[in-house]
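To keep things clear, I will list the structure first and then write my remarks on it.
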Amino acid sequence: MTQPQLHLVGAPAPIPAIELRNFSACYGDLRVLKDVSLSVPARSVTCLLGPSGSGKSTLIRSLNRINDALPGFTTNGQVDIHGECCMTDFNDITRLRAKVGMVFQTPCVFPCSIAQNVLFGVRNRKLSKIEKSALVEKSLRSAALWQDVSDRLDAPAGALSVGQQQRLCIARALAVTPDILLLDEPTASVDPVSARNIEALISELKKDYTIVMVTHDVRQAGRVADHAIFLCDGEIIEQGTRDHMFSKAALPKTRTYLLEEFCDC
Amino acid sequence: MFSRTMKDKLFTAALRAALGLCLAVLAVLILAIIVAGAKAISFEFLFSPARDFGASGGIIYQITGTVLIGITASLLVLPFATSLAIYRADFVKSDRVKRMIDTSIYSLNGIPSIAYGLFGLIFFVNILGTGLSWFVGAIILALMMLPTVTLCAVAAMKSLPRGYRENGYALGLSRKDVVIRITLPQSLHGIVTGLMLGLARAVGETAPIMFIATAFSGVTLPGSFREPVSTLPTHILALAQQATNPDALANAWGASLTLVFLVFVLSALAFIARIRLSPLSERHT
Ligand SMILES: Nc1ncnc2c1ncn2[C@@H]1O[C@H](COP(=O)(O)OP(=O)(O)OP(=O)(O)O)[C@@H](O)[C@H]1O
Ligand SMILES: [Mg+2]
């Protein structure tokens, strides 16, 4: 096995938004992530690639500690978010989640209006009516959904198409004003046109946010990723810039997976 | 030897017969209550107080007594059942504790209603010295309703897709916020259904309240917590004991029909609540 590379190949090392050092995660006795070390540069798109069951979701779900609620889930090692230790410096876990937003594979809107969905995570902040509608508009615009729904903000969110619902979930996460956005297969349950919309949206969002996304679609990673991390069986095989990972200089295993979507590890 | 199709036909016929028997018994029972009860029911009967131990006069104070005890019991059971369900569904992590809670709830459901009555008599009337009190009756009925309401609420909370809670947590909501803004509103249909089912059963009960909360004659609207009322089921019991008097018997049928109607309305409300309040996730699929 190759040693995981802490520094990105072919790029000057910027200050990482997320840094993992010797991070391991277990469900009960099953060790799913094994001594993973990686860094994610700020304001860019980092794609997590790897075969099914390789631990991509587990890794991304450790970054905002959403897995903490699962019985038997334990972790080991260091996770830094902007230099703060994710495990100990965030006594108030809701503060961590306000910095690290997350969108899941299947869109899950709450049974209330579109506007209320956008505001779902900011109810505890004191906002005036004007501030609220400004936030709704800003978030929906950022999620490229404003055009579709500006005339029916009070309509039930469940009536939107699945692709629109997924963008609403992104808007809802953006309304909390995070720095980092975690996306776990955000286009897996939407149609190809909506998937293209969301890809374009991701490329737009990386100007303001650090984005970590899981995808099964190698070609999608080729389109949107600035950096890619190839994970297999709980270990990082290789990480680097897209240009490096998709070039002939990449490791043979990486090349096999990216070209043939096959992995023998 | 019977051929295979023959066996099949016999089997189907047996199933049909069982269903037919159930329906026939139900139909006869309801028909009898309606036919016999309708003769006694009039505006006068529904809205005037009972006289001669119910043999003449009406059932207005039995209706108010039943409604009063029913509503009070519902209000008492609601916070307890809801908290218990939330704790069971969202807060307990250990499987052993979950099983323990479930076993207790099922056991509570299995206790015969007369045992609740005796418990009320010994604990409230004798030890605490409350005397006959409609409020104690409501407490006992609330205890009887607790398992039904809790189980329905837990079932609704468990069937809520995990994604809802996860999305809530991912947006930075605290555990309390997730309960108040996601779990509770989305399992409201289960809570209300359980409440209506429990109530439908509780308002028909005689045994748990007849020693502790009701008197058989001379009751009006209670002026304090420590007075007895009369209810429809205990009134029917009293009337049935005078069955040799045809007037009393007619009134017993009339009171029965009123009670059946009340239970029917509550069940219908439960059915409507189930549909109207069920979360979007269930309605679309
Ligand atoms: N809640 C859980 N309890 C126990 N084991 C789990 C749990 N979730 C995941 N696992 C196990 O952890 C391993 C990694 O799962 P994970 O979901 O992280 O994979 P993944 O890379 O996201 O796969 P996919 O591409 O199919 O989504 C798998 O072997 C899986 O069986
Ligand atoms: Mg996954």
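We did not get these values from a lab; they are worked out from the coordinates using the rules stated. In this text the structure is predicted, and so the values were computed from the model without any measurement. In this analysis, Cβ positions are derived from the backbone assuming ideal geometry, glycine residues included, and neighbour counts consider all displayed protein chains.
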> Using alpha-carbon positions, what is the distance between the centroids of region B:66-127 and region B:189-227, in Å?
Replying inline: 15 Å
> Semi-axes of chain A's equivalent ellipsoid from the Cα gyration tensor, sqrt of 5 times each eigenvalue, largest first, rounded to whole Å?
Replying inline: 31, 21, 17
> Computed over the Cα atoms of region B:213-285, what is the ratio Rg over Rh, Rh following Kirkwood?
Replying inline: 1.23
> Counting pairs of alpha carbon atoms under 8 Å apart in space and at least six apart in sequence, what relative contact order in percent does region B:133-285 give?
Replying inline: 31 percent
> Where does helix B:60-86 land angle-wise versus the long Cα axis of chain B, in degrees 0 to 90, nearest 10?
Replying inline: 20 degrees
>> Quick check for me: using +1 on Lys/Arg Cβ and -1 on Asp/Glu Cβ, what's the dipole size of the protein assembly as shown about its Cα centre, in debye to the nearest 20?
In response: 320 debye
>> Every cysteine in chain A with no other Cys Cβ under 4.7 Å from its Cβ, please list them in numeric order.
In response: A:Cys26, A:Cys47, A:Cys85, A:Cys86, A:Cys108, A:Cys112, A:Cys169, A:Cys263
> In Å and whole numbers, how far do the C-alpha atoms of region A:50-183 stretch along each principal axis, longest first?
Replying inline: 48, 36, 24
> If the cut-off is a Cα-Cα distance under 22 Å, which lysines reach B:Lys98, setting aside same-chain residues fewer than 8 apart in sequence?
Replying inline: B:Lys158, B:Lys176
>> Give me the three principal axis extents of region A:111-265 from the C-alpha atoms, as integers in angstrom, largest value leading.
In response: 56, 29, 24
> Tilt of helix B:188-202 relative to the longest C-alpha principal axis of chain B, in degrees (0 to 90, nearest 10)?
Replying inline: 30 degrees
> Remind me, what semi-axes does chain B give for its equivalent ellipsoid, largest first in whole Å, using sqrt of 5 times each Cα gyration tensor eigenvalue?
Replying inline: 38, 30, 18
> To the nearest 500 deg cm²/dmol, what mean residue ellipticity at 222 nm is calculated for the protein assembly as shown from DSSP H runs of n ≥ 4 alone, each contributing -39,500 (n - 2.57), summed and divided by the residues?
Replying inline: -16000 deg cm²/dmol
> Amide H to amide H, which residues 5 or more places from B:Ser56 or on other chains are under 5 Å from it, using H placed in the peptide plane?
Replying inline: B:Arg51
> For helix A:162-175, what angle does its Cα long axis make with the longest principal axis of chain A, in degrees from 0 to 90 and rounded to 10?
Replying inline: 90 degrees
> When we measure straight from the Cα of A:Lys206, which lysines land under 30 angstrom away, once same-chain ones fewer than 8 places off are left out?
Replying inline: A:Lys34, A:Lys56, A:Lys99, A:Lys126, A:Lys129, A:Lys132, A:Lys138, A:Lys248, A:Lys253
> Can you give the Rg to Rh ratio for region A:72-115, taking only C-alpha atoms and Rh from Kirkwood?
Replying inline: 1.10
> In nm, to one decimal, how far is the modelled label at B:Asn109 from the one at B:Asp95, with both set 7 Å along Cα→Cβ?
Replying inline: 2.1 nm
>> Largest first, please: the extent of the C-alpha atoms of the protein assembly as shown along each principal axis, to the nearest Å.
In response: 103, 75, 50
> What are the residues whose amide H is under 5 Å from the amide H of A:Ala17, where those residues sit 5 or more places off or on another chain and H is modelled from the backbone?
Replying inline: A:Val40, A:Ala42
> For region B:81-217, what log10 I(q)/I(0) values come out of the Debye formula at q = 0.14, 0.15, 0.20 1/Å, with one point per alpha carbon and no solvent?
Replying inline: -0.72, -0.78, -1.09
> Per residue of A:65-71, how many C-beta atoms from partner chains lie within 10 Å of its own C-beta, taken as a mean?
Replying inline: 3
>> What value in Å³ per residue do you get for the convex hull of the alpha-carbon atoms in region A:186-265?
In response: 101 Å³
> Which whole number gives the average count of other chain Cβ atoms within 10 Å of the Cβ atoms across peptide B:159-168?
Replying inline: 4
